[in-house]
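To start, the structure itself, in structure tokens.
The values are calculated or read from the model by the stated rules, or taken from the named source; none is laboratory data. What you are looking at is a predicted structure, and each value in this text was computed from that prediction instead of being measured. Positions of Cβ are generated from backbone atoms using ideal geometry, with glycine treated the same way; all protein chains shown enter the neighbour counts.
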Amino acid sequence: MTIAVRDLNVELDGRPVLKGVSLEVPGGSWTAVIGPNGAGKSTLLRAILGLRPGRGEVEVAGTDLRTLKPRQRARVVAYAPQIPHLPVGMTVFDYTLLGRSPYIPHLGRESAHDRAVASEVLERLDLTALAGRPLDHLSGGERQRVVLARALAQQTSVLLLDEPTTALDIGHQQQVMELIDQLRLADELTVVTTIHDLTLAGQYADRLVLLSEGQVATAGPPSEVLTATVIAEHFDARVRVSPGPGGRPVLSLERP
Ligand SMILES: Nc1ncnc2c1ncn2[C@@H]1O[C@H](COP(=O)(O)OP(=O)(O)OP(=O)(O)O)[C@@H](O)[C@H]1O
């Protein structure tokens with residue numbers, strides 16, 4: 001499912017946060033939205049989801065998600081927010097099962113299939129041992145994977161993930177990124193992630209979109225976007241960029 005954003009402008013508290021943003025994410029591809037703190041990355045994800053009103057067009061497979069009811073929307077797009085609301089006392093399994101809500105009839109109960117999907121997702125994310133644990137008894141990284149589990153349990157064609165790896169150790173970062181990539185290839189998922197780890201973004205995404213002060217500063221394949229000059233200009237950081245696996249750029253910080 002293609003995502004198309006055209007000339008999107010979003011104001012929050014009367015302040016322009018996104019200014020004339022346009023981007024096209026082809027179906028089955030992975031786009032990483034990068035940029036400094038406060039650039040508007042999370043706002044862009046929420047606008048695609050239809051949760052931030054704005055001027056301009058946002059379409060997923062030709063449909064403006066703002067015109068859909070929440071249940072319909074949740075069958076098309078799954079969203080893992082950066083700071084999720086986690087119900088106190090709810091177990092990991094029940095929280096993951098919430099991802100099946102769009103498929104459960106009103107006043108109905110989840111089916112054996114819904115429970116099987118939730119179990120399978122927990123297994124793939126290495127969370128089976130925590131299934132009965134309350135959410136408030138988890139570490140930050142465990143909680144982050146559970147939020148991703150809930151999103152994956154929705155089995156949508158589009159995944160919007162806001163900083164899915166920030167709290168994860170290096171092994172779980174790799175596991176989560178590999179899993180997203182496998183799902184993308186196997187099920188032709190369209191993925192948009194915000195991500196601060198630029199090397200990780202460059203290793204997995206087909207395309208990077210660099211937001212700066214609410215505007216698209218540059219967009220393209222990782223090797224074109226992740227240059228020392230671009231990073232210095234927009235992040236005020238000194239980095240060395242060397243070719244990594246498959247020619248994809250690897251960044252290392254250089255002390256001034
Ligand atoms: N609900 C809100 N009301 C008013 N301003 C907001 C709101 N949410 C975010 N902002 C402002 O909008 C700008 C963009 O915020 P956003 O969260 O989209 O940035 P970001 O690029 O995701 O940042 P970060 O990398 O720090 O997560 C920031 O200046 C922020 O202070």
Qualifying helices (runs of 4 or more DSSP H) (wholly inside the range 141-256; at least 3 residues being within 16 Å of the ligand (Cβ to nearest atom)): 198-204, 228-235
Leading residue by the ranking (modelled with the highest pLDDT) among those in the range 123-140 that are assigned to a helix (DSSP H, G or I) and within 19 Å of the chain's Cα centre (by Cα): Arg124
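Quick check on my filter: what residues within the range 180-191 are of a type outside the set (Lys, Arg) and surrounded by 18 or more Cβ atoms within 10 Å (Cβ to Cβ)? Before you say what the answer is, go through the steps one by one.
First pass over the range 180-191, keeping only residues of a type outside the set (Lys, Arg): 180-183, 185-191.
Selection gives Ile180, Leu189, Thr190, Val191.
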Pick from the range 65-83, criterion at pLDDT below 90 and touching a strand residue (DSSP E or B) at 6+ places or on another chain (Cβ under 9 Å), ranking: surrounded by the most Cβ atoms within 10 Å (Cβ to Cβ): Leu65
Lone unmet requirement of (1) more than 16 Å from the ligand (Cβ to nearest atom); (2) farther than 30 Å from Ala112 by Cβ; (3) surrounded by 19 or more Cβ atoms within 10 Å (Cβ to Cβ) for Val92: (2)
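Here are Val25, Val58: which of them is out of contact with any Ser or Thr (no Cβ under 6 Å at 6 or more places or on another chain) and of a type outside the set (Phe, Trp, Tyr)? Spell out the reasoning first.
Numbers: Val25 fails: out of contact with any Ser or Thr (no Cβ under 6 Å at 6 or more places or on another chain).
Only one candidate qualifies: Val58.
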In the range 18-54, the residues that are closer than 30 Å to Glu233 by Cβ, surrounded by fewer than 17 Cβ atoms within 10 Å (Cβ to Cβ) and away from the ligand (no atom under 16 Å from the Cβ): Ser22, Glu24, Pro26
